[in-house]
1. If the only charges are +1 at each Lys and Arg Cβ and -1 at each Asp and Glu Cβ, what is the size of the charge dipole of the chain around the Cα centre, to the nearest 20 debye?
2. Given the convex hull over the Cα atoms of the chain, what projected area results after averaging over all orientations, in nm²?
3. Build a GNM of the chain with springs between Cα atoms under 10 Å: which of ASP193, ASP148, ASP129 gets the top mean-square fluctuation?
4. If we sort 138-144, 173-179 on the protection proxy, mean other Cβ atoms within 10 Å, highest first, what's the order?
5. Which whole-percent values make up P(r) of the range 3-124 when all C-alpha to C-alpha distances are grouped in 5 Å steps starting at zero?
6. Specify whether the C-alpha gyration tensor of the range 174-245 places it in the rounded, prolate or oblate class, a ≥ b ≥ c being the square roots of the eigenvalues: rounded for a/c under 1.5, otherwise prolate if a/b is larger than b/c and oblate if not.
7. Using alpha carbon centroids, what distance separates the range 96-110 and the range 23-52, in Å?
8. Mind checking the range 33-86 for chymotrypsin sites (Phe, Trp or Tyr not before Pro) that DSSP puts in a loop (not H, G, I, E or B) and that have at most 14 other Cβ atoms within 10 Å?
Amino acid sequence: MAIKEFHLSCEPTVIDCGTFTMKGMTYNGTMPGPEIRANLGDIVRITLTNNLDEPTMLHLHGVKIINGFDGTYLQQEPIMPGDSFTYEFHARQAGTFMYHSHFNSEEQIESGMFGMLIIDDPNDRVHQDVSIMISGHPMDYVISWNPDFDMENMMDMDNMNMYVLNGKQFPFLPRLLLKPGELIRIRFANISDMAHPMHIHGHTFYQIMQDANPIRPIPYVTIDVAPGQTKDVIFEANNPGAWMLHCHINDHAMSMMIEVIYEGYEELADQARKNHLNMMM
Ligand SMILES: [Cu+2]
């Protein structure tokens, strides 16, 4: 058993989502906040310092925790500006969790105050372990649009919210690069206000965990991730080529998209992306 300590500083932040920047509040200046990761059996300590000009509280979503550390008004006084508080739990369940603000939640979460919390089981073995956090942000938080990227062409501007994966929109999301034969685990977590059906081309993924609870594997080509849920899937890299992983709400398909590219297909994918974006602009 080890003690793992983390520090989160709540900060007003201008967040760069690639296609736009927005007025936000973050943990340690990034959205999502830093990944909090520990091993099964660890004692996890998270010290939060509030550098905002409003109170806050931290909720450890899905974690079995003693009541005093739940981070809601029912059992904790808000952490006032300038103050700190240390949350602690014993990690007795492996899987994918989230952390997020639970004070003025709608505004603080949609401003960027959330992140992944992962408890690893040392017996789990995959070649790549990928976290994808889905979030939504009101259009009126947007400060500026990327001038190289014509949003009007890319999405329906009647949308009330901008949806992002790990804080970015396509084409600013890193590719998922695969080697044939690899086993890949994707941890989906949805902190936005609507369900997103996440769809992969050319492969089937198998859901192995629901909200950090192991389940009998269920195959999906499109897996619906509801608000507040985490779903872990695994898939085998068994179909070389250049593929997409995207939200299947048609309006989100372009912005919430990650390229899944096998080794040897990078140049082809670079050229194809360039041609495609030229055509769309
Ligand atoms: Cu979506």
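A short reminder: the numbers here are calculations on the coordinates, not readings from a lab. As the structure is a computational prediction, the values presented were derived from the model and not from experiment. Note that we place each Cβ from the backbone using ideal geometry, even for glycine, and neighbour counts take in every protein chain shown.
1. On the way: 16 positive and 36 negative charges, 176 e Å.
Dipole of the chain, to the nearest 20 debye: 840 debye.
2. Details: hull surface 58.9 nm².
Mean projected area for the chain: 14.7 nm², to one decimal.
3. Highest fluctuation among the options: ASP148.
4. 173-179, 138-144
5. 2, 12, 22, 25, 18, 12, 6, 3, 0
6. Prolate is the answer for the range 174-245, as a/c is 1.5 or above and a/b outweighs b/c.
7. 12
8. On the way: sites: PHE69, TYR73, PHE85; in loops: TYR73.
Answer in residue order: TYR73.
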